[in-house]
Ligand SMILES: C[S@@+](CC[C@H](N)C(=O)[O-])C[C@H]1O[C@@H](n2cnc3c(N)ncnc32)[C@H](O)[C@@H]1O
């Protein structure tokens, strides 16, 4: 099965995919239970929804695919308190058709399938946020999430958001032994869209002792710490204490970080921030 094939289920990932989906499931369970007696309607927004199924290499035999629930199916199957409304955004029409099939097997629930670019959808989303609270899952393939979208989400003050920040893809776009102006212009433009400006260029500079970048006098700070530090600092500026300081690197079988899973609370009242961060941190610490 092809990883980019929109039919059947999606095939990609490995242990880190299970990890991210387990974290999501635990949070959705805890979230709906915690807000069960609050006077809000609850929504789940899956902005990169996929198909509702993921085919992973088998735990025992890699050549045998194992089908597991994807994020959309996980959200539909949250039991204790169900979401009042689920919005699945997906750009690919075949995947939308699969989502329609999934919706058909959950006829008692209010499900909206929206074929759209996630950024466009989220930037134009308008709701009565006095009535609604919810969870948003941003699970792109790579660098699809724009900073402008994250900024917009922070203004809703209603959606607790899990973001997969594509550390691995960004690292590949940032050669260590060049100057920022030598980066492919299309990549540079993409990075500027993801970071909402040129902050990523701060990773490049002259080595103070001439050693930081190996033999080169100029270059990029090696590794992924720097780019994560910059992105987290920007999130902290935007979300303030709503950003959970702890995050989870998701690594492939060669131990390289593919994504960093980050969490921001939606609502800015201390009554919302404290419990949401405690739950998310507990899950990240124990899973
Ligand atoms: C990593 S997969 C999501 C997997 C899903 N969360 C799951 O657990 O099953 C990313 C999905 O985003 C879709 N996608 C890619 N770019 C998109 C965009 N700009 N807007 C909406 N969907 C997009 C892809 O077609 C793909 O199905």
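Laboratory data are not the source of any read-out in this text; all were calculated from the coordinates shown. A quick note: this is a predicted structure, and the numbers were derived from the prediction, not measured. Counting neighbours? That spans all protein chains shown, and the Cβs are built from the backbone with ideal geometry, glycine included.
The average projected area of the stretch 91-130, computed from the convex hull of its Cα atoms over all directions, is 3.6 nm². Between residue 202 and residue 229, residue separation times 0.36 nm minus the direct Cα-Cα distance comes to 8.6 nm. With R₀ set to 25 Å, the beta-carbon distance separating residue 245 from residue 66 gives a calculated FRET efficiency near 0.15. Normalised by residue number, the volume inside the convex hull of the Cα atoms of the chain is 144 Å³ per residue.
Protection proxy ranking of 141-154, 117-130, by the mean of other Cβ atoms within 10 Å over each peptide's residues and highest first, is 141-154, 117-130. Estimated at 0.36 nm per residue, the fully extended path between residue 192 and residue 116 surpasses their Cα-Cα distance by 25.1 nm. Can you give me the angle between helix 270-286 and the longest principal axis of the chain, using Cα atoms only, in degrees from 0 to 90, rounded to the nearest 10? Between the helix axis and the principal axis of the chain, the angle is about 70 degrees. Here the stretch 148-200 and the stretch 91-124 have alpha carbon centers that stand 26 Å from each other. Treat the stretch 44-145 as a sphere of radius equal to its Kirkwood radius over Cα pairs and apply Stokes-Einstein at 25 °C in a medium of 0.890 mPa s; give the translational diffusion coefficient in µm²/s, rounded to a whole number. Diffusion coefficient, whole number: 168 µm²/s. Going from the residue with the fewest nearby Cβ atoms within 10 Å to the one with the most, 96, 264 rank 96, 264. Note that the stretch 117-183, at 4 °C in a medium of 1.567 mPa s, gets a Stokes-Einstein diffusion coefficient of 94 µm²/s from its Kirkwood radius over C-alpha pairs. Converting the Cα gyration tensor eigenvalues of the stretch 97-215 into ellipsoid dimensions via √(5λ) gives semi-axes, longest first, of 38, 16, 12 Å. Size descriptors for the stretch 148-203 (Cα atoms only): Rg and Dmax, in that order, 13.5, 42 Å. Taking the simple approach of a point 7 Å from Cα along Cα-to-Cβ for both residue 252 and residue 123, what is their distance in nm? About 3.0 nm, to one decimal.
When a/c reaches 1.5 or more, the comparison of a/b and b/c decides; with that in mind, is the stretch 15-102 rounded, prolate or oblate per its Cα gyration tensor? Verdict is oblate for the stretch 15-102. What residues from the stretch 124-140 fall in the zone where the backbone N is under 17 Å from a label point 7 Å along the Cα-to-C-beta line of residue 148? Within reach of a label on residue 148, which here means backbone N under 17 Å from a point 7 Å along Cα→Cβ, the stretch 124-140 contributes 124-126.
Sorting 221-228, 68-75 by their mean Cβ neighbour count within 10 Å, with the most densely packed peptide first, gives 68-75, 221-228. Annotation: the antiparallel percentage among DSSP beta bridges lying fully within the stretch 13-135 is about 30.
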